[in-house]
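Only one structure is covered here, and it is reproduced in the block below.
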Amino acid sequence: QVQLAESGGSSVQAGDSLRLSCAASGRTSTRYHRAWFRQAPGKERQFVAAISRNGITYYADSVKGRFTISRDNAKDTVFLQMNSLKPEDTAVYYCAAETGEILRRTPTYYDYWGQGTQVTVSS
């Protein structure tokens, strides 16, 4: 069993930067694919970025060039560096982990989830 805990969410102004962290505990997740999703009020959970166990990354088009996902396997932690934030980035951000062979963008494939951290971007 893997437990995930996000941190780093905050209220910021448009154009600001934030760095989210997702620490894993319990069973090591270094062999898992890891991802970030977000969910705004009244909307479905949306893929943001993912990183494979080997470091391959994928991004949603809406964040490409602004967000960077990375992982520190020694600390079993995944990060999401968010730059040039926009009001439409406002959401609860969730980190997730899955053990499949293929790095996926669909939340239903992910086995473990954190509780989420709120990011609010005002104009």
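At a glance:
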quantity	calculated
Candidate set from region 17-32 (those that are open to solvent by less than 60 Å² (accessible area, probe 1.4 Å) and not hydroxyl-bearing (Ser, Thr, Tyr)); member that is nearest to Val48 (Cα to Cα)	Leu20
Residue check, Arg71 under 13 Å from the mean Cα position of the chain (by Cα) and open to solvent by 70 Å² or more (accessible area, probe 1.4 Å)	no
Qualifying position, being at pLDDT 95 or above and part of a loop (DSSP other than H, G, I, E, B), among Lys64, Lys75	Lys64
Conditions (1) within 15 Å of the chain's Cα centre (by Cα); (2) more than 21 Å from Ala14 (Cβ to Cβ); number of the one not met by Gly100	(1)
Enumeration of residues in region 38-47 that are open to solvent by 60 Å² or more (accessible area, probe 1.4 Å) and part of a strand (DSSP E or B)	Gln46
From the options Ala35, Ala50, residue that is buried (at least 19 other Cβ atoms within 10 Å of the Cβ), more than 16 Å from Thr117 (Cα to Cα) and among the small types (Gly, Ala, Ser)	Ala50
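A quick yes/no check of all residues on (1) touching a residue at least 24 places away in the same chain (Cβ under 8 Å); (2) open to solvent by 50 Å² or more (accessible area, probe 1.4 Å); (3) part of a loop (DSSP other than H, G, I, E, B):
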{"position": "Leu85", "(1), (2), (3)": "yes, no, yes"}
{"position": "Tyr93", "(1), (2), (3)": "yes, no, no"}
{"position": "Leu103", "(1), (2), (3)": "yes, no, yes"}
{"position": "Thr108", "(1), (2), (3)": "no, yes, no"}
{"position": "Gln118", "(1), (2), (3)": "yes, yes, no"}
{"position": "Val121", "(1), (2), (3)": "yes, no, no"}
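The values are calculated or read from the model by the stated rules, or taken from the named source; none is laboratory data. Not measured: the values here are computed from a predicted model. Positions of Cβ are generated from backbone atoms using ideal geometry, with glycine treated the same way; all protein chains shown enter the neighbour counts. Side chains included, ligands, DNA and RNA excluded: accessible areas come from the protein's heavy atoms. Shrake-Rupley method; radii C 1.70, N 1.55, O 1.52, S 1.80 Å.
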